[in-house]
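The values are calculated or read from the model by the stated rules, or taken from the named source; none is laboratory data. Model, not experiment: these values are computed from the prediction. Please note: Cβ atoms are built from the backbone with ideal geometry, for glycine as well, and neighbour counts cover all protein chains shown. In case anyone asks, the SASA skips ligands and DNA or RNA and just uses the protein heavy atoms, side chains included. Shrake-Rupley method; radii C 1.70, N 1.55, O 1.52, S 1.80 Å.
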Amino acid sequence: MSGKKLFFILFLCVILTSCQNTHKEEQKASIRIGISLYRGDDTFINNICSVVEEKAKEYERENGIKVILDIQDAKGNQNTQNNQVERFISLDCDVLCINPVDRMDASVIIDRAMTAEVPVVFFNRQPVEEDMNRWDRLYYIGVDAKETAVFQGKMIVDLYQKRPEAVDRNGDGVVSYVILEGETSHQDSLIRTEWSIQTLKNGGVPIEKIAGGIANWERSQASALMEQWIHAYPDTIELVVSNNDDMALGAIDALERAGIDGMNVVGIDGTTPGLEALENGKLLGTVSANKEIYGSAIMELAASCALEKELPEEYPLENGTYYWTPQEILIHED
Ligand code: BGC
């Protein structure tokens, strides 16, 4: 065969292969998303996850691309989560959506994802900045913790300015409060605690802390703490500030058991049971993250990563990495 002919055949092969590749990319008929939850029994996470499932179906209908969601529960164990990531990678997931168990220890997940070149969308439990800066295909979706806290404080400040007697219920010039905190290592607990109290102070509400404790986001733990405080400080507490709705509901459970009515309890999240308690007036107010947008952002960002497409404009990323979900104050109206 002459050199010219050989060159022509090789040239043809190159063209054909590249056409085939383009054809293959255009034809990506399905995407596989591996999702690992820090705890499947967490109310807020459950709410978000249900929206992601809905949005995945919507995405399929609207784009004609099959979306395979593989949702796993790490049950509070980082090793379990690391194994789930390993499995997702071996199953050729196009993208991972990770709600880390230990947000300070996302490095194993990041190492694996980087080696396998699978992008990661973290959500709700924010890995430390140093980890997030390791690769430009790592993203985070959450709510701005300081904004949440300021909104929570503002709820009480506004009420105090309008009707001080509704907040300083015994009229002694001081609002005696207790505070229920989430996990110590969670960015949201630390920032929410600090800024909701600071906002009350800045807003001129004369507050006095009676007690505070860590209930790890859990209703039953919060209920036990509140029960202790009701006994230790009878007829003293006027306000319960909670880092989330589930713990606020735990406090309400304890108040109901003690036969105490009409206490001001404020939460955060706007979970399904939280909104129900708000509706029937057991919860005075909450700061609700927009779950529709939260879940859509996870789905849209994951799909964009999987298909190597630009993220839709309605989800602007701060520093190309962080998306902050909008939230709003919801207060019970009599
Ligand atoms: C939510 C909590 C939830 C926690 C889980 C927080 O942002 O407010 O309700 O338990 O995230 O990581």
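Take 133-143, 241-251 and order them by the average number of nearby Cβ atoms within 10 Å per residue, most first; the result is 241-251, 133-143. Rolling a 1.4 angstrom probe over the protein heavy atoms with all chains in place gives the chain an accessible area of 49 Å² per residue. Taking θ as phi - 60° and the Karplus parameters 6.51, -1.76 and 1.60, the scalar couplings of the range 55-62 work out to 5, 5, 5, 4, 4, 4, 4, 6 Hz in sequence order, x denoting glycine and proline. Pairing the Cα long axis of helix 78-90 with the longest principal axis of the chain, what angle in degrees results, from 0 to 90 and rounded to the nearest 10? Between the helix axis and the principal axis of the chain, the angle is about 30 degrees. Just going by the charge dipole of the range 145-289, with Lys and Arg at +1 and Asp and Glu at -1 on Cβ, which of ILE230, GLY285, GLY274 is farthest out on the positive end? Selected residue: GLY285.
The slack between THR236 and LYS309, meaning 0.36 nm per residue of separation minus the straight C-alpha distance, is 20.6 nm.
In this simple spin-label approximation, ILE329 and ARG163 carry label points 7 Å from Cα along the Cα→Cβ vector, and these lie 1.5 nm apart. Computed from Cα positions, the angle between helix 291-307 and the longest principal axis of the chain comes to roughly 20 degrees. In the chain, the calculated helix contribution to ellipticity at 222 nm averages -15500 deg cm²/dmol per residue, counting -39,500 (n - 2.57) for every DSSP H run with n ≥ 4.
The apolar share of the surface of the range 63-150, taken as the fraction of accessible area on carbon and sulfur atoms (1.4 Å probe, ligands and nucleic acids excluded), comes to 41 percent. The charge dipole of the chain, taken about the Cα centre with unit charges on the Cβ atoms of Lys, Arg (+1) and Asp, Glu (-1), comes to about 1180 debye, rounded to the nearest 20.
When only alpha carbons are used to place a centre, the range 144-179 and the range 193-236 end up 12 Å from one another. All alpha carbon pair distances within the chain were sorted into 10 Å bins beginning at 0; the resulting P(r) in whole percents reads 5, 24, 28, 19, 13, 6, 2, 2, 1, 0, 0. To put it simply, the accessible area of the range 151-223 at a 1.4 Å probe is 49 percent carbon and sulfur.
Each Cα pair of the range 145-289 feeds into the Kirkwood radius, which the Stokes-Einstein equation turns, at 37 °C and 0.692 mPa s, into a diffusion coefficient of 224 µm²/s.
In a simple Cβ point-charge model (Lys, Arg +1; Asp, Glu -1; nothing else charged), the range 145-289 has a dipole of about 340 debye relative to its Cα centre.
For the range 91-187, which GluC sites (Glu not before Pro) are in a loop by DSSP, counting at most 14 other Cβ atoms within 10 Å?
On the way: sites: GLU117, GLU129, GLU130, GLU147, GLU165, GLU181, GLU183; in loops: GLU117, GLU183.
Of the GluC sites (Glu not before Pro), the ones in loops of the range 91-187 whose Cβ has at most 14 other Cβ atoms within 10 Å are GLU117.
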